[in-house]
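*Asks:* Below is a structure I'd like to ask you about.
The values are calculated or read from the model by the stated rules, or taken from the named source; none is laboratory data. Source: prediction; values computed, not measured. Reconstructed Cβ throughout: ideal geometry from the backbone, glycine too, with neighbour counts over all protein chains shown.
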Amino acid sequence: MKNLIIHGHFYQPFRENPYLGEIPLEESAHPFEDWNERIYRECYLPVAYAHYRENGTTKDIINGYKHLSFNMGWTLTHWLEKKHPELLEKVKEGRGHALASTFNHTILPLDPLEDREVQIVWGIRAYERFFGRKPLGFWLPELAVDEETLKLLKKHGIEFVILAPHQVKGNAKYLWVEDLAVFVYDGGLSHGVSFGELLVFAEKLHQLMKNKEPPVVIATDGETFGHHKKFGELALAYLFKKYPDDFTTLEDYYRAQKPNQRGELVPYTSWSCVHGIERWRSNCGCSVGGLPGWHQKWRAPLREGLENLRTMVKEKAYSTLEKYLREPKLALLDYVDVILENYSQSAKEDFLRKHAKRRLSANEIVEVFKSLSAIKYMHFAFSSDGWFFADISGIETVKNLLFAKRTIDLLELEDGERVLRESLQQAPSNVLAYGNGLGVWEKLVKPQVYEPKTIAKTAVFLHLSEEKTLGRWEYKVQEKEEGFYVKLKDPETEETFSFEIEWEELNLEEVRDRFLGRILKSWMESFEEGYLSFLSDYMHLLEEVAYYSKSRNFEFLEDVKDHVELLLRLKLKELLAKGRDVKAIKELFYRAQQLGLDLKAHRLSKHFVKLCLSKLEEEEELLEILELIKDYNTKAGRFELMIDLWEVQNKVWERRHSIKNRKIFELLNLQPYATE
């Protein structure tokens, strides 16, 4: 019987600014725009295309999600659905053994019971929508557990969970606890994978697993495979390719065999805090990051302040909901369907049809959805990441506080903000520039609060740049002689706003960084198009000057080279974007080579990859462009200057049975017809 199991806990916190519905730029994630994008490219995508190599040749590309036991909750699947829907089908190939999890990763034993139930029910509903089936297994955030949490899981149809060795008293790795089947992961092997070098030596890892009593379960962050451990997905490819008859998943094992022993739960424990669940409420000493001598005395007052705010939010929100909804607590459980449908008009209408006491006015509808949104953001304010790291000024804690601020604003809870500020004043920061949580609130949280008029001004700039999206906001801009008339709608709350904005009021400094980048990119593309068009008549002249002076020391030579390099690179970018004329691209490269110019083609790597992918059904042209890229990469010599064809490898592999020209596989270092 297959009895080796690797479980990956794939998770990212909800990173969107609650006032915009868009993730801001995160400088620490450079060279990517934010941490989600960085980890997507380093982990989530590579796990779907894990390369199995022998003697330097890729002989198989394996979808790790088909072989791993894993969980991936709403905060990540929602982002993937918006930004990288092409990956979703690869993830869904593992739907038969994926586990559910909570909605946004709160520490369940620290949540009030009704909030725990919301987290569990919303998480299960999100799972059902994404994977199209009911879950049997469940991943507890940070594996934080107590008896009441297990009873709630059982109530909602969950049949098994996974826990750490120190969380269960018993003599087996697979046993019944509180009427749930519990898999106990192997602590030593899991630590070796997560923090040691076992992924570097996949054969050794396999042997160590085989030498253990079954079932052998390794549990680790999914981000270990490629993000925490660079190229860690290659170990998965090796294990699943070489030993397919040894590996299974938690769900498949559970379906095939039930536990035959019983154990006892060690409550109020977790997998990442040796002090139980103190990491999320006290200065227990467990943290990540920071400098020697740093403390986490801020944790207790932060939780106290948010707990006090949560009580006030629920009191006011339910007071409103009770006026308009028949059973507010049941309605709250169903509100997740509105969230999962991205606040579509039809989803909101269905929700009100089911739960409203009567037909509501437009203003009453706004009251209902503002109250529901406030409760949702209060849940987000308790995401576990806010207490996990070294200081209250960390981006995760700041984001939790921003969710709390959004909750306060939705309900106009001035007393709530006062109460929270009092607690934050008692939360000392390790960073002198902030002093305490109140300094963080003033310097890091409040600057991320955006008024509707500021958003309207951003809409004008986007309109002028022919950009179409503004986070979750819907907008219309009408140009007038003296300025603009802007209508905004927040589909989350049904609120509408209208503004008249004069030209003099527009200031790029008010545009948020995420949208500013799009606007400036649009302006630069317009400039490049104009520059290329304006100087196209001089292109031949400049090339002639560059050619006849390239071996001479004329003082103007460097300026000429700069002009010609830029013009040819812009022309190359234009040809790649159009994607029709491969011969013209080759001629341009040859011309630059004759002139001794460096086009810095690696800057256009994404355009080359997109062109290759567009030519998958035109083998002759694909072959030509691949030969050109290989020649360029050979001459570039340094990896960072090369055009990366990893994504092209993956797509060619998926179409390998329909591609006839074996030369394409050779150029991509692929074995064309591996044993399936």
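*Asks:* So which residues in segment 95-127 are surrounded by 23 or more Cβ atoms within 10 Å (Cβ to Cβ) and either farther than 21 Å from residue 386 by Cα or free of Cβ contacts under 8 Å to residues at least 60 places away in the same chain (or both), if there are any at all?
*Replies:* Scanning segment 95-127 gives 97, 98, 99, 100, 102, 108, 120, 123, 126, 127.
*Asks:* Let me ask something else about it. Scan segment 395-410 and report the pairs whose first residue is hydroxyl-bearing (Ser, Thr, Tyr) and whose second residue is outside any helix (DSSP H, G or I) and buried (at least 24 other Cβ atoms within 10 Å of the Cβ), with Cβ atoms within less than 8 Å and a gap of 6+ or a chain change.
*Replies:* Pairs found: 407/381.
*Asks:* Name the single residue that is surrounded by the fewest Cβ atoms within 10 Å (Cβ to Cβ) among those in segment 57-88 being touching a residue at least 60 places away in the same chain (Cβ under 8 Å) and aromatic (Phe, Trp, Tyr).
*Replies:* Here the answer is 79.
*Asks:* Then there is this: In segment 321-338, how many residues are under 33 Å from the mean Cα position of the chain (by Cα) and buried (at least 20 other Cβ atoms within 10 Å of the Cβ)? Working first, answer last.
*Replies:* If we filter segment 321-338 for residues that are under 33 Å from the mean Cα position of the chain (by Cα), which is where we start, we get 321, 328-338.
After this cut, where a residue has to be buried (at least 20 other Cβ atoms within 10 Å of the Cβ) as well, the list is 321, 328, 332, 335-336, 338.
Residues in segment 321-338 being under 33 Å from the mean Cα position of the chain (by Cα) and buried (at least 20 other Cβ atoms within 10 Å of the Cβ): 6 in total.
*Asks:* In the list 565, 544, which residue meets the criterion of being acidic (Asp, Glu), closer than 16 Å to residue 597 by Cα and modelled with pLDDT under 75? If you could, list the steps in order and put the result at the bottom.
*Replies:* Working: 565 fails: modelled with pLDDT under 75.
None of the others qualify; the one that does is 544.
*Asks:* Right, here's the next one. Can you pull out the strands (runs of 3 or more DSSP E) entirely within segment 169-269 that have at least 3 residues that are more than 23 Å from residue 48 (Cα to Cα) and touching a residue at least 40 places away in the same chain (Cβ under 8 Å)?
*Replies:* Here the list reads 174-177, 180-184.
*Asks:* Further question: Kindly indicate whether residue 458 is out of contact with any strand residue (DSSP E or B) (no Cβ under 9 Å at 6 or more places or on another chain) and under 30 Å from residue 500 (Cβ atoms).
*Replies:* No.
*Asks:* Next question. Return a yes/no flag: does segment 362-369 have any residue that is in contact (Cβ under 8 Å) with a residue 12 or more places away in the chain, in a helix (DSSP H, G or I), farther than 22 Å from residue 403 by Cα and acidic (Asp, Glu).
*Replies:* Yes; the residues of segment 362-369 include at least one that is in contact (Cβ under 8 Å) with a residue 12 or more places away in the chain, in a helix (DSSP H, G or I), farther than 22 Å from residue 403 by Cα and acidic (Asp, Glu).
*Asks:* Of all residues being under 24 Å from residue 77 (Cα atoms) and touching a helix residue (DSSP H, G or I) at 6+ places or on another chain (Cβ under 7 Å) in segment 340-358, which is surrounded by the fewest Cβ atoms within 10 Å (Cβ to Cβ)? Just the residue, please.
*Replies:* Across segment 340-358, the extreme among qualifying residues is 341.
*Asks:* Looking only at segment 134-173, which residues are of a type in the set (Gly, Ala, Ser) and closer than 17 Å to residue 275 by Cβ?
*Replies:* 144, 164
*Asks:* Pick from segment 468-481 the residues that are within 23 Å of the chain's Cα centre (by Cα) and assigned to a loop (DSSP other than H, G, I, E, B): which of them is farthest from residue 515 (Cα to Cα)?
*Replies:* Selected residue: 472.
*Asks:* To continue, here is another question. Mind listing just one residue for me: the one in segment 372-398 that is in contact with a strand residue (DSSP E or B) (Cβ under 8 Å, 6 or more places away or on another chain) and not in a loop (DSSP other than H, G, I, E, B) and, of those, surrounded by the most Cβ atoms within 10 Å (Cβ to Cβ)?
*Replies:* 383
*Asks:* Residues 232, 226, 293, 276: which one is more than 23 Å from the chain's Cα centre (by Cα) and either more than 30 Å from residue 178 (Cα to Cα) or at pLDDT below 95 (or both)?
*Replies:* 293
*Asks:* Okay, next question. Do you know which residues across segment 466-494 are touching a residue at least 40 places away in the same chain (Cβ under 8 Å) and buried (at least 17 other Cβ atoms within 10 Å of the Cβ)? Spell out how you get there, then give the answer.
*Replies:* Residues of segment 466-494 that are touching a residue at least 40 places away in the same chain (Cβ under 8 Å), as a first pass: 466-467, 470-473, 491-494.
Once the filter is applied, which keeps residues that are touching a residue at least 40 places away in the same chain (Cβ under 8 Å) and buried (at least 17 other Cβ atoms within 10 Å of the Cβ), segment 466-494 yields 470, 471, 472, 473, 491, 492, 493, 494.
*Asks:* Go through (1) under 26 Å from the mean Cα position of the chain (by Cα); (2) more than 24 Å from residue 394 (Cα to Cα) one by one and return the number of the condition residue 248 breaks.
*Replies:* (1)
*Asks:* Starting from segment 607-632, take each residue that is under 18 Å from residue 655 (Cα atoms) and free of Cβ contacts under 8 Å to residues at least 40 places away in the same chain and list its partners that are of a type in the set (Lys, Arg) and outside any helix (DSSP H, G or I), counting only C-beta distances under 8 angstrom and pairs at least six apart or across chains.
*Replies:* Pairs found: 621/615.
*Asks:* Please tell me if residue 645 is buried (at least 16 other Cβ atoms within 10 Å of the Cβ), more than 26 Å from residue 45 (Cβ to Cβ) and among the hydrophobic types (A, V, I, L, M, F, W, C).
*Replies:* In short, no.
*Asks:* Those residues that are modelled with pLDDT of 95 or more and β-branched (Val, Ile, Thr), I need them from segment 645-659; list them, please.
*Replies:* Passing the criteria: 648, 652.
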